[in-house]
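Readers should treat all values here as calculations from the given coordinates under stated rules, not as data from a laboratory. The structure presented is a predicted model; accordingly, all values stated were derived computationally and were not measured.
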Amino acid sequence: MQGCGLVQVHLLSNFAVTSLFYVSSLLFNLMKKTQLSTTLTHYNADGSELSELDRRLVERAKKITQTSYAVYSHFHVGAALLLENGEIVCGSNQENAAYPAGTCAERTAIFYANSSRPDVAPVAIAVAAWREEDQEFLDNPISPCGVCRQVLVETEKRYGRPIRVLLYGRNGIFEVETASALLPLRFDSDAL
């Protein structure tokens with residue numbers, strides 16, 4: 001009887017491997033590769049190639065980093081959000097000992113704008129960051145985290161218009177024409 005059990009397990013295992021191979025070969029024959037890409041425009045770090053309004057937006061993002069509460073990461077981030085009425089709303093990262101309770105600079109600015117001016121669409125956001133150990137802005141531009149990208153995409157969807165993204169670094173400024181380009185495989189209301 002014991003041997004019979006071993007044979008059954010062996011046959012079941014053989015069947016499972018054969019089935020897995022068959023399913024895998026079907027999927028392999030159906031698979032296609034798709035390349036996703038994002039286009040960045042690179043500007044001089046001094047902002048001389050930007051419009052006056054974009055230069056001001058970047059400067060506001062840099063300045064607001066001074067208000068961040070970054071006692072744990074020592075990583076200070078500022079975001080300046082340009083609204084369609086020309087107003088600039090700023091936010092900085094706010095940390096908490098319970099890390100998930102903190103919030104990023106981008107979300108601080110967006111949530112403040114959405115709650116205080118719900119009928120005014122954001123049209124651009126600038127982001128800048130520095131580390132306490134260096135006491136100067138990062139060499140390369142910092143990009144929004146995944147959660148902030150998701151919030152930016154939702155905000156684009158909410159207002160039905162793109163949000164340009166300006167990312168500041170001492171080596172240059174990157175511009176992305178739409179926040180959605182930073183999250184190509186995004187989850188949004190179309191999936192619900």
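Shape verdict for segment 57-170, please, from the Cα gyration tensor: rounded (a/c under 1.5), prolate (a/b greater than b/c) or oblate. Prolate, since a/c reaches 1.5 and a/b exceeds b/c. Put simply, the amide H of residue 121, placed in the peptide plane, has neighbours under 5 Å in 84, leaving out anything fewer than 5 places away on its chain.
By the rule of a C-alpha distance below 19 Å, with chain neighbours fewer than 8 residues away ignored, no aspartates and glutamates are paired with residue 33.
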